[in-house]
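**Q** Okay, handing you the structure first.
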Amino acid sequence: MTASDTSAQESTRTLRLPALTGVRILAALAVYASHVGPPAGAPEFLNAFFISGYSGVTLFFVLSGFVLAINYLDSLRRPAVGGLYNYFVARFARVYPLYLLILFYIVVRRHAFGESIDDWWQNALAVQTWDPSLARAFSFVPPSWSIGVEFFLYACFPLLIIFLARLTRPRTVLIAAAGTVAAMAALAGGFVVAGLDNLPAVNPDSAHRWLYRMPLTRLGDFTLGILAALLYFQTRDRRSIERIGRPLVLVSILATICLMCWPALIFTAWSWDLAYAVPATLFIFGLAVAPLSWPAKALSLPFMILLGEASYAFYLVHQPAVLFFGGGSWGTIASPTTVVFEALTLGAILALAIGLHVGVERPARTYIRRALSWKRKPAPALVPATPASEPVSP
């Protein structure tokens, strides 16, 4: 990372927040649960908990804003051409190679079985989520609609950070966060007042389209993540913050679980974004400022970090893998055998994701960044270059 100020550069480079890597697998598993579904005969609160797993997407977007701000705040608050270029190369290398590989496989498979591949180009450009049609937005690789949202948020980040970095006091950051939440609440409330809250997801006017998968409205989650990172930088050296962070983590976990177990909240305008964005922001901030709390320690275990690193691969492949393995069978017959089978299926998909991360995602990212990054020219030597065989005079 290139920074204009050396001390500021060191402040971000020395940060070690492994729990924020581990938390990614929790978000991915929540989405997985929503697609597998609850076991047959489960109580109503457990049914609601599984179905509400779509809230994991909101956690992803908030976390994305926080992590990008942690890594690029110094280099992009006063951006240079080289810094911007390297930022976009890094974002492309992070998301696109594995996505393109999985899309290629799905396109070839569909074509081989005589299925339509007419919309492949939308998916290749990751713009399918902008399409009003739910079928086209979820075509080929269904979870990939969120990749289009991520690309949009990545593009907006350099502009957002220029303005948000001017908030140099905790009070102004908190005011901006309150304004962001108010705007998100106004959007959700507008759908309720207009009577559009209960429209099915396939309707282009539904809250699902405009609040859940529309990139523009997801700027709210992303901005909350950035603001949480700014607040972290401004307060992390205060001893009192760590004492606040620990209960914040526990309260946000409890609040999220309660919201997910609340049947009346499912598929409402509030649930697509706002209801989970606030506790997600508090959770991520709490983990950052209280790295010694037991949730942060648990998420920082080497196994959790590995799963967190592989969470993107897991997120992309889990739906076709569930269909391949026959997951979700306990929705028809719940028995000890089906529970074991579901556990084995989840383990197989996690193993596949780890293999894709280690064998494809990680090396592709490294290669692209090395090959395409803007390399800074070395500073002019103060003395003429000397052949290695010739000693240099003192």
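Any read-out appearing in this document is the output of simple, stated calculations on the displayed coordinates, not a laboratory observation. Note that the structure is predicted; figures quoted are calculated from it, not measured. Quick reminder, even Gly has a Cβ in these numbers, built from the backbone with ideal geometry, and neighbours come from all protein chains shown.
**Q** Counting Lys and Arg as +1 and Asp and Glu as -1, what is the net charge of the other residues whose Cβ lies under 13 Å from the Cβ of A137?
**A** Values: positive: R136, R209, R213; negative: D119, D131.
Neighbourhood net charge equals +1.
**Q** If you don't mind, another one. Could you estimate the translational diffusion coefficient of the chain from the Stokes-Einstein equation, with Rh from the Kirkwood formula over C-alpha pairs, at 10 °C and 1.306 mPa s, in whole µm²/s?
**A** 70 µm²/s
**Q** Now for a separate question. Mind checking the full-extension length gain between D237 and A183? Use 0.36 nm per residue of separation minus the Cα-Cα distance, one decimal, nm.
**A** Gain in length upon complete extension: 16.4 nm.
**Q** When the helix-only estimate is applied to the chain (DSSP H runs of n ≥ 4, each -39,500 (n - 2.57), divided by the residue count), what is the mean residue ellipticity at 222 nm, nearest 500 deg cm²/dmol?
**A** After summing the helix terms and dividing by residue count, I get -21500 deg cm²/dmol.
**Q** Compute the long axis of helix 19-36 from its Cα atoms, compare it with the longest principal axis of the Cα atoms of the chain, and write down the angle in degrees, 0 to 90, nearest 10.
**A** 20 degrees
**Q** Which peptide among 177-189, 331-343 comes first, and what is the full order, when sorted by highest mean count of other Cβ atoms within 10 Å?
**A** 177-189, 331-343
**Q** Using only Cα atoms and rounding to the nearest 10 degrees, what angle (0 to 90) does helix 362-372 make with the longest principal axis of the chain?
**A** On a 0 to 90 degree scale, this one is about 40.
**Q** Explain nothing, just the number: relative contact order of the chain, from Cα pairs under 8 Å at least 6 residues apart, as a whole percent. The partial results should precede the final answer.
**A** Details: 519 pairs, mean separation 110.1, N = 394.
After rounding, I find 28 percent.
**Q** So, counting K/R as plus one and D/E as minus one, what does the shell of residues with Cβ under 9 Å around Y212 add up to?
**A** +2
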